[in-house]
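Heads up: the structure comes next, in structure tokens.
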Amino acid sequence: MQPNDPIFVAGCRGLVGSAIVRRLQTAGFTNLLLPGRSELDLTDQAAVNAYFIAHQPSHLFLAAAKVGGILANSTYPADFIYSNLVIQNNVIDAALRHGVRKLAFLGSSCIYPRMAPQPIKEEYLLTGPLEPTNEWYAIAKIAGIKLCQAYRKQYGFDAISLMPTNLYGPGDNFDLQNSHVLPAMIRKFHEAKVAGAENVLLWGTGSPLREFLHVDDLADAAVFLMQNYSDEGIVNVGVGQDISIADLATIVADVVGFAGEIVYDTSKPDGTPRKLLDVSRLNSLGWQASIPLREGVAETYQWYESRDCAA
Ligand SMILES: NC(=O)c1ccc[n+]([C@@H]2O[C@H](COP(=O)([O-])OP(=O)(O)OC[C@H]3O[C@@H](n4cnc5c(N)ncnc54)[C@H](OP(=O)(O)O)[C@@H]3O)[C@@H](O)[C@H]2O)c1
């Protein structure tokens, strides 16, 4: 990518898309194509093709998707598989047909088998059953990976696929109905502190181990791979370390300033016992995550507070 290349960031208003926009701007890329959903609905194939013809992007980050937590996935399975399949098909096919030179597809670590050995290597893809609660979404993402690989094989199209671990950061979704665990914790501890509550109730036992990557690190890795990696092999993007939900809760409570008790509702599901990505492929390419978890949580809480105050 050259500084004035027309770079299309699909999903530019989302958690990942907005971080990629920030990273590209700080790196001096000045010709960014940033249509929001109201300007371009990516499920509308004709509109997508018309946009590519009109704007001729040279590079593309596909960070648009229908994303949600366990509740949303199990309530709207049809929407999760259909919308994501259509978005991916429309954008990846249009990119090929209208001369995009390179595309980076954002998948997710939910593509891997529920009981994959830990840490999870890229080659564990399609070696066992998926986590049932989000299999619809995972299948769509696996289809996106295969679409990129098939277009590379048949047309020599330079599409790469990134598999990020759990992400967090400014721009995250803090809605307790369908947010991920870290933003949900920030909100629960903040509201408990403000209300002077004696304790906060968290789902599960606190023992599951999870990996969290700050979204600005992910954006840095995405730009790094766009500039330095061209191969059919998918690439895990993570920190390479995990933390128990209980230890995470202690960090978040401390950052927020909640001094009360943390109580666990063990009648609620824990999900898979551990989910840690093997990031040795990415590290061997010369990239490492740089934002420590506590620092990232503090920065995200600052963003949340400024947003919360603004609300
Ligand atoms: N969040 C995570 O922890 C995580 C972890 C691993 C991988 N990922 C991957 O990262 C990608 C982005 O996720 P995210 O967390 O950034 O999600 P997000 O915050 O929900 O962003 C998704 C973006 O896609 C846009 N979009 C959805 N449907 C669209 C459509 N039909 N037309 C146009 N735009 C549409 C949304 O537009 P609106 O703003 O209008 O809704 C939103 O801006 C996904 O592929 C996901 O698999 C995320």
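Listing for the model above:
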read-out	value
Out of 80, 61, 105, sole residue that is within 16 Å of the chain's Cα centre (by Cα) and more than 10 Å from the ligand (Cβ to nearest atom)	80
Residue within segment 123-144 that is under 21 Å from residue 33 (Cβ atoms) and buried (at least 20 other Cβ atoms within 10 Å of the Cβ) present	yes
Segment 83-102: number of residues that are in contact with a helix residue (DSSP H, G or I) (Cβ under 6 Å, 6 or more places away or on another chain), under 20 Å from residue 164 (Cβ atoms) and away from the ligand (no atom under 12 Å from the Cβ)	1
Residue that is in contact (Cβ under 8 Å) with a residue 12 or more places away in the chain and either over 19 Å from residue 215 (Cβ atoms) or not aliphatic (A, V, I, L, M) (or both), where the choices are 7, 81	81
Of all residues in segment 129-145 being part of a loop (DSSP other than H, G, I, E, B) and not hydrophobic (A, V, I, L, M, F, W, C), the one that is modelled with the lowest pLDDT	131
Index of the failed condition, residue 74 passing every other in (1) more than 15 Å from the ligand (Cβ to nearest atom); (2) open to solvent by 10 Å² or more (accessible area, probe 1.4 Å); (3) at pLDDT 95 or above; (4) not acidic (Asp, Glu)	(3)
Count - residues of segment 10-26 that are under 24 Å from residue 212 (Cβ atoms) and more than 18 Å from the chain's Cα centre (by Cα)	1
Residues located in segment 260-311, provided they are farther than 26 Å from residue 161 by Cβ, of a type in the set (Ser, Thr, Tyr) and not in a helix (DSSP H, G or I)	264, 266, 267
Tabulated pairs, segment 194-205, first touching a residue at least 60 places away in the same chain (Cβ under 8 Å) and farther than 16 Å from residue 267 by Cβ, second among the aromatic types (Phe, Trp, Tyr) and open to solvent by less than 70 Å² (accessible area, probe 1.4 Å), C-beta under 9 angstrom, 6+ apart or interchain	197/258; 200/189; 200/258
Residue selected from segment 17-30 under the condition among the aliphatic types (A, V, I, L, M) and over 16 Å from residue 227 (Cβ atoms), by the criterion farthest from the ligand (Cβ to nearest atom)	21
Strands (runs of 3 or more DSSP E) lying entirely in segment 146-255 (those with 2 or more residues that are more than 15 Å from the ligand (Cβ to nearest atom))	199-203
Restricting segment 132-164 to residues that are of a type in the set (D, E, K, R) and within 17 Å of the chain's Cα centre (by Cα), the residue that is farthest from residue 98 (Cα to Cα)	135
Of the criteria (1) closer than 14 Å to residue 279 by Cβ; (2) in contact (Cβ under 8 Å) with a residue 40 or more places away in the chain, which one residue 241 fails	(2)
Residue, farthest from residue 171 (Cα to Cα), within segment 31-58, restricted to residues that are within 10 Å of the ligand (Cβ to nearest atom) and open to solvent by 40 Å² or more (accessible area, probe 1.4 Å)	44
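The values are calculated or read from the model by the stated rules, or taken from the named source; none is laboratory data. Predicted model only: the values in this text are computed from it and were never measured. Cβ: placed from backbone, ideal geometry, glycine included. Neighbour counts: every protein chain shown. Only protein heavy atoms, including side chains, enter the accessible area calculation; ligands, DNA and RNA are left aside. Shrake-Rupley method; radii C 1.70, N 1.55, O 1.52, S 1.80 Å.
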